[in-house]
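The values are calculated or read from the model by the stated rules, or taken from the named source; none is laboratory data. Since the model is a prediction, treat every value here as computed from it, not as a measurement. With ideal geometry, Cβ positions are generated from the backbone for all residues, glycine too; neighbour counts draw on all protein chains shown.
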Amino acid sequence: MRILAIETSCDETGVAIVEDGRRIRSNVIASQAAHQATGGIVPEVAAREHLRAMDPVTQQALRDAGMQLTDIDVIAATVGPGLVGALLVGANYGRGLALAAGLPFVGVNHLEGHVYANWLYETEEVPAEPELPAIVLVVSGAHSDLVLMEAHRRFRLLGRTIDDAAGEAFDKVARLLGLGFPGGPEIERVAKDGNPDAHPLPKAWLADRYDFSFSGLKTATLRLVRSLEEQGAVPVADVAASFQKAITGALAEKVARAAAEHGVRSVMLGGGVAANLALRAEIARRTGQPLRVPPPRLCTDNGAMVGAAAFFSLRHRTEEVPSHHVRSSMPLA
Ligand code: KG4
Ligand code: ZN
């Protein structure tokens, strides 16, 4: 089954063609540069940029795969969670395309997309599927969810952030340090030259729960930067490395505890922050189970993950298959 899948929930216009939920035939991503000037995403600007990119990106995805619309079996698009104006562009475009081509349309939950990115591959060789049950950590600019995946499309939410999402914390600290947007890759880049033990920061430990809290860490980092400023120049690399150590430590510790408590067969990561190599290393160090993480390009928003999730949502249809209406919030579990 060939699915043409569309992702427009935030600031990436993604269109991909995925075969049988796993094999990527093409995966085109247009990132919106317009947000760098504002250091954050303006929803109206995001929607307008999606509108501009939607058709050329779709044509490119078909060309890259060497296919035409007549080679496609299903059209899928993210219908939530995300920015409503942005979601509407991709979902309406996808529905229009499906109608014109006489194909079925499937609405996809963006968070399911981040999970199912772990099923994708681009090589000739077919990698084994992740083993279930699994603990999944979905960490993005808007979400930090710790989930028990019992079976395909059966998710149980164990914990989530009670304030900022992990990616949001990376973005805010990056801005504080005068780094670019999005902040996660910037922090990771400068942290390579820093000492992670230079400035111990609180881990924000909600000790007996699986929930996360990152606003305390963010405030502590702000206070640290202000006091360093008073003493002279801020050692940006050391602060970035110390912050990265604190946040990845908090995430990894709960992932490891949940994996042990639920006796799972694998651990999976998803979402933009999962691209962070320090986070992957820390989780790999603390867990005994096989760790699956998509390549960085498939951790951040893309169409291929939507194609994978669409395939498994058709195969394991449940009551909660997302409707055609876009929604800003939509739980995974
Ligand atoms: O999944 P995603 O592309 O979009 C959302 O659904 O939100 O995630 C974007 C988030 C941003 O906050 C970005 O700073 C963060 O993922 N991110 C990273 C890295 N790459 C992207 N955070 C830490 N380290 C990275 N290498
Ligand atoms: Zn995302």
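Miscellaneous remarks
- Qualifying residue in the stretch 175-198 (condition: crowded, with 18+ Cβ neighbours inside 10 Å and more than 16 Å from ligand 1 (Cβ to nearest atom)): no
- Pairs, first away from ligand 2 (no atom under 14 Å from the Cβ) in the stretch 157-174, second in a helix (DSSP H, G or I) and of a type in the set (Gly, Ala, Ser), C-beta under 6 Å, six or more apart: Leu158/Ala258; Asp163/Ser215; Asp164/Ser215; Ala174/Gly183
- Residues being within 13 Å of ligand 1 (Cβ to nearest atom) and either outside any helix (DSSP H, G or I) or among the acidic types (Asp, Glu) (or both) are represented in the stretch 111-120 by at least one member.
- Test result for Thr248, touching a Leu at 6+ places or on another chain (Cβ under 7 Å) and hydroxyl-bearing (Ser, Thr, Tyr): yes
- Only a single criterion out of (1) more than 16 Å from ligand 2 (Cβ to nearest atom); (2) of a type in the set (Asp, Glu); (3) in contact with a Ser or Thr (Cβ under 6 Å, 6 or more places away or on another chain) is not satisfied by Asp55, namely (3).
- Extreme residue, nearest to the chain's Cα centre (by Cα), among residues of the stretch 250-270 that are closer than 26 Å to Asn195 by Cα and within 14 Å of ligand 1 (Cβ to nearest atom): Leu269
- Only one of Val138, Val147 that is within 23 Å of Val306 (Cβ to Cβ) and touching a Gly at 6+ places or on another chain (Cβ under 7 Å): Val138
- Residue selected from the stretch 207-225 under the condition touching a residue at least 40 places away in the same chain (Cβ under 8 Å) and under 12 Å from Arg257 (Cβ atoms), by the criterion farthest from the chain's Cα centre (by Cα): Arg209
- Conditions (1) within 16 Å of ligand 2 (Cβ to nearest atom); (2) outside any helix (DSSP H, G or I): number failed by Ala274: (2)
Each row is one residue, and each column tells you yes or no for (1) farther than 17 Å from Val28 by Cβ; (2) modelled with pLDDT under 95; (3) not hydroxyl-bearing (Ser, Thr, Tyr).
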| position | (1), (2), (3) |
| --- | --- |
| Leu269 | yes, no, yes |
| Val273 | yes, no, yes |
| Ala281 | yes, no, yes |
| Val293 | yes, no, yes |
| Pro296 | no, yes, yes |
| Val306 | no, no, yes |
| Phe311 | yes, no, yes |
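- Looking only at the stretch 282-319, and only at residues there that are over 21 Å from Gly249 (Cβ atoms) and loosely packed, with under 14 Cβ neighbours inside 10 Å, the one that is nearest to ligand 2 (Cβ to nearest atom): Arg297
- For the stretch 52-68, a residue qualifies if it is of a type outside the set (Val, Ile, Thr), without any contact (Cβ under 8 Å) to a residue 60 or more places away in the chain and closer than 19 Å to Asn302 by Cβ, and the qualifying residues are Arg52, Ala53, Met54, Asp55, Pro56, Gln59, Gln60, Leu62, Arg63, Asp64, Ala65.
- Some residue of the stretch 267-276 being touching a Leu at 6+ places or on another chain (Cβ under 6 Å) and crowded, with 20+ Cβ neighbours inside 10 Å: yes
- The condition of being at pLDDT 95 or above, in contact with a helix residue (DSSP H, G or I) (Cβ under 6 Å, 6 or more places away or on another chain) and either hydrophobic (A, V, I, L, M, F, W, C) or farther than 20 Å from Phe311 by Cβ (or both) holds for Leu179.
- Neighbours by Cβ (under 8 Å, 6+ apart or cross-chain): first from the stretch 273-300, over 21 Å from Asp164 (Cα atoms); second part of a loop (DSSP other than H, G, I, E, B) and aliphatic (A, V, I, L, M): Gln289/Val264; Pro294/Leu120; Leu298/Leu120
- Enumeration of residues in the stretch 201-245 that are surrounded by 17 or more Cβ atoms within 10 Å (Cβ to Cβ), assigned to a loop (DSSP other than H, G, I, E, B) and small (Gly, Ala, Ser): Ala204, Ser213
- Filtered residue count, the stretch 82-119, keeping only those that are surrounded by fewer than 24 Cβ atoms within 10 Å (Cβ to Cβ) and out of contact with any Pro (no Cβ under 9 Å at 6 or more places or on another chain): 13
- Sole exception among (1) over 17 Å from the mean Cα position of the chain (by Cα); (2) away from ligand 1 (no atom under 14 Å from the Cβ); (3) not in a loop (DSSP other than H, G, I, E, B); (4) not charged (D, E, K, R) for Leu157, by number: (1)
- For Ala169: the one exception among (1) within 10 Å of ligand 1 (Cβ to nearest atom); (2) in contact with a Gly (Cβ under 8 Å, 6 or more places away or on another chain): (2)
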